[in-house]
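This report refers to the structure that appears directly beneath it.
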Amino acid sequence: MAHLSQEEKRRYSRQIIIPGIGEEGQQKLKDASVLVIGAGGLGSPAALYLAAAGVGTIGIVDSDDVEISNLQRQVLHTTADIGRPKIVSAERTIKNLNPNVNIVTYGERLTADNASRIIRDYDLVVDAVDNFQARYIVNDTCVLLRKSLVEAGVMRFGGMVMTIVPFRGPCYRCIFPDPPAPGSYLAPGEAGIIGAVPGMIGSIEALEAIKLLIGTGEPLVGRLLLFDGLDMRFTEVSAGRNPECPVCGKTARASTGA
Ligand SMILES: [Zn+2]
């Protein structure tokens, strides 16, 4: 692990002076690796703020190409990127912001088959996917590999975010044991979204990740943070671990050796 250069000390000076961070905390960020799953509405601000803060390695998973309808919220990509892979514009935008960051891109859809291989190498995961199937795969894999996970979802004017530290607080499945039945919810393209909403929630994801990596503050473990942008209100719902949880409950723990 390389020490902070003079350029880095200047670049991050506004956060290094914060009590609880310091050069020690900045070094932790530099030595850390975060996987951002999805380079869309949530992944854009999350990856940008993680990169700006000096996280040393950022992995980005996305198999889609940029479409014009993405640009209203996915600020990693520009009009000139339409038709090109999102991981290409994501890497370029992040490198332009902070060339110190090592970017690793995965131009593939996260599946039950590749999730362990991709997630294994990272310290922490930021979930920025737009579908329930991937959300459950990410949760289950992170619990299995004991990786901390910041989980979020957005729709229309609202969103939610929670932080999962496996076996310390509830996982996504402790709270929502099963994916909703297909057809019982609106797909993102049907529901709609205001870009500033994933802008806020993705920024909260980045902040949660930064806190966990530095080891400061109180993460959203066992607390579901709900945001209603129409009324401009944050509310919080407490949630505990479910002993019957199929991935982190009693029987699951026996099989994973925790
Ligand atoms: Zn669980």
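The values are calculated or read from the model by the stated rules, or taken from the named source; none is laboratory data. Remember, it's a predicted structure, so these values are computed and weren't measured experimentally. Note that we place each Cβ from the backbone using ideal geometry, even for glycine, and neighbour counts take in every protein chain shown. Areas reflect the complete protein model, heavy atoms only, side chains present, ligands, DNA and RNA absent. Shrake-Rupley method; radii C 1.70, N 1.55, O 1.52, S 1.80 Å.
Which of (1) within 22 Å of GLY217 (Cβ to Cβ); (2) in contact with a strand residue (DSSP E or B) (Cβ under 8 Å, 6 or more places away or on another chain); (3) in contact (Cβ under 8 Å) with a residue 60 or more places away in the chain does ARG73 not meet, given it meets every other one?
(1)
Of all residues in region 224-253, which are in contact (Cβ under 8 Å) with a residue 40 or more places away in the chain, more than 16 Å from the ligand (Cβ to nearest atom) and of a type in the set (A, V, I, L, M)?
LEU225, LEU226, LEU230
Please determine, by comparing only the residues of region 201-238 that are in a strand (DSSP E or B) and of a type in the set (Val, Ile, Thr), which one is nearest to ILE58 (Cα to Cα). Lay out the reasoning, then the answer.
Taking region 201-238 and keeping what is in a strand (DSSP E or B), we get 221, 223-228, 233-238.
Subset that is of a type in the set (Val, Ile, Thr): 221, 235, 237.
Details: VAL221: 23, THR235: 30, VAL237: 30 Å.
Out of the qualifying residues, it is VAL221.
Of (1) more than 22 Å from SER44 (Cβ to Cβ); (2) more than 16 Å from the ligand (Cβ to nearest atom); (3) buried (at least 19 other Cβ atoms within 10 Å of the Cβ), ALA209 satisfies all except one. Which?
Of (1) more than 22 Å from SER44 (Cβ to Cβ); (2) more than 16 Å from the ligand (Cβ to nearest atom); (3) buried (at least 19 other Cβ atoms within 10 Å of the Cβ), only one is false for ALA209: (1).
Would you pick out the residues in region 76-88 that are among the polar types (S, T, N, Q) and assigned to a loop (DSSP other than H, G, I, E, B)?
Within region 76-88, THR78 is the sole residue that qualifies.
Give region 1-34 a look and list any residue that's under 12 Å from ASN100 (Cβ atoms) and either in a loop (DSSP other than H, G, I, E, B) or modelled with pLDDT under 95 (or both), or say none.
Within region 1-34, ALA2, LEU4, SER5, TYR12 meet the criteria.
Do any helices (runs of 4 or more DSSP H) lying entirely in region 89-181 carry at least 1 residues that are more than 16 Å from the ligand (Cβ to nearest atom), touching a strand residue (DSSP E or B) at 6+ places or on another chain (Cβ under 8 Å) and open to solvent by less than 50 Å² (accessible area, probe 1.4 Å), and which ones are they?
The helices (runs of 4 or more DSSP H) meeting that bar are 115-119, 132-145.
Between a residue in region 1-19 that is touching a residue at least 24 places away in the same chain (Cβ under 8 Å) and any residue that is among the hydrophobic types (A, V, I, L, M, F, W, C) and open to solvent by 40 Å² or more (accessible area, probe 1.4 Å), which pairs come within a Cβ distance under 8 Å, given they are 6 or more apart or on different chains?
From region 1-19, no pairs qualify.
Quick check on my filter: what residues within region 43-54 are touching a Phe, Trp or Tyr at 6+ places or on another chain (Cβ under 9 Å) and in contact (Cβ under 8 Å) with a residue 60 or more places away in the chain?
The answer is ALA53, and nothing else.
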